[in-house]
1. Might you let me know whether segment 278-297 holds any residue that is among the acidic types (D, E) and open to solvent by less than 40 Å² (accessible area, probe 1.4 Å)?
2. Which of the residues that make up segment 197-226 are of a type in the set (D, E, K, R) and either touching a Lys or Arg at 6+ places or on another chain (Cβ under 7 Å) or part of a loop (DSSP other than H, G, I, E, B) (or both)?
3. Return the only residue of D95, D120 being among the acidic types (D, E), under 14 Å from Q151 (Cα atoms) and free of Cβ contacts under 8 Å to residues at least 60 places away in the same chain.
4. Hey, S219 hits all of (1) at negative phi; (2) within 22 Å of the chain's Cα centre (by Cα); (3) of a type in the set (S, T, Y) but one; which does it fall short on?
5. Do we have A176 as within 29 Å of P94 (Cβ to Cβ), surrounded by 23 or more Cβ atoms within 10 Å (Cβ to Cβ) and in contact (Cβ under 8 Å) with a residue 40 or more places away in the chain here?
6. Cβ-Cβ distance below 7 Å, separation of 6 or more or different chains: which pairs start in segment 276-304 with a residue that is touching a residue at least 40 places away in the same chain (Cβ under 8 Å) and assigned to a helix (DSSP H, G or I) and end on one that is open to solvent by less than 40 Å² (accessible area, probe 1.4 Å) and charged (D, E, K, R)?
7. Can you tell which of H129, H111 is over 29 Å from T315 (Cβ atoms) and buried (at least 20 other Cβ atoms within 10 Å of the Cβ)?
Amino acid sequence: MSKHHHRDRSWAPAPSPLPDDAHVIDNHTHVASVIPFARAMSHEAVEKGQPEVPVYDVEQLLAQAAAVGVTGIIDCGCELPNLMTAIQMAVDHPDSVHAAIAIHPNEAVLHGHCGVPGPDGLSLKYKPHHDVSFDDALAEVHRLALAYPHQVVAIGETGMDLFRTGEGAKELQRDAFREHIALAKELNLPMQIHDRDSHREVIETLLADGSPERTVFHSYSGDAEMGEIARDNGWYLSFSGTVSYKGNDGIRESARLVGLDHIMVETDAPYLTPMPYRGRTNAPYMIPYTLTALADVFDLPVAEVARATRRTTRTVYGV
């Protein structure tokens, strides 16, 4: 069987660079996770008789991004052992990297071994750091946000995920989300929301508790009705490669509804690679492909949409 019958695991080609006056920030990514992901891709490729896939380090990934006009990132640490990874990256790259930190909704219910299997059908896997209670884990988020005020520019990703967590732990997850909302407000930081199969629950919670002044739906996945609610509440929508996927008309319509001054762009790397490279490893250098899809949504030049996302990113995170 020729290699053409297997999916391509190589890196996507670099997009055309953004103009000098239209450089942007990837406002939600997991750069440290790109490295093991690429390593796994390479391993799979070799097993299928395809060429090895190069594995780049953080410096190379940031340089590749800068070369196409993605001159900054907000790296997200959302598991207890990874909080400091994101912050350290920001310490090491003060001009280009900032951090968002939180306890991810799927992690929140694993702390103290309180998880319930969800519709995804995966069995629960506890790691040593899950012996720590959720309260203690969140206290560490709080401590680090205060200790590194120049590096930590957001609380995130937090929210709800009813794909990975079963009904029995739903309220635990909601409680964890509420504590993150309170923390973002206390520290006057923007909040990045992870919302998977839980639009109604997330919106109800935000409206009940009062959303932080700068609330961002990361890798926005809602429909037009949700886009209207976001617009009416002044929430920001951040778009990943999914805005380029066929069938995601609700995502594109929501972008138009909230308008250029409430949209941002992200990779959520190593996941959610934009078309036509879906299924390959994502990294910050891929942002221009997503901007091209957003430009189509607004029927505007890519540079104009890029500049709009940069203005919004500065407004929201102060970077």
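The values are calculated or read from the model by the stated rules, or taken from the named source; none is laboratory data. Computed from a prediction, not measured in an experiment: that's the story for all the values here. Here the Cβ positions follow ideal geometry from the backbone for every residue, glycine too, while neighbour counts run over all protein chains shown. We work out accessible area using only protein heavy atoms, side chains counted, and drop any ligands, DNA or RNA first. Shrake-Rupley method; radii C 1.70, N 1.55, O 1.52, S 1.80 Å.
1. Checking segment 278-297: not a single residue is among the acidic types (D, E) and open to solvent by less than 40 Å² (accessible area, probe 1.4 Å).
2. D197, E201, D209, E213, R214, D223
3. On the way: D120 fails: under 14 Å from Q151 (Cα atoms).
After applying the criteria, what remains is D95.
4. (1)
5. Values: within 29 Å of P94 (Cβ to Cβ): no; surrounded by 23 or more Cβ atoms within 10 Å (Cβ to Cβ): yes; in contact (Cβ under 8 Å) with a residue 40 or more places away in the chain: yes.
When the stated conditions are applied, A176 does not pass them.
6. Filtered contacts from segment 276-304: P284/D26; I287/D26.
7. Sole residue among the options that is over 29 Å from T315 (Cβ atoms) and buried (at least 20 other Cβ atoms within 10 Å of the Cβ): H111.
For (1) over 14 Å from A269 (Cβ atoms); (2) at pLDDT 95 or above; (3) out of contact with any His (no Cβ under 6 Å at 6 or more places or on another chain), each residue gets a yes or a no:
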site: T29; (1), (2), (3): no, yes, yes
site: A32; (1), (2), (3): no, yes, yes
site: I35; (1), (2), (3): no, yes, yes
site: G49; (1), (2), (3): yes, no, yes
site: A65; (1), (2), (3): no, yes, yes
site: I74; (1), (2), (3): no, yes, no
site: L80; (1), (2), (3): yes, yes, no
site: I101; (1), (2), (3): yes, yes, yes
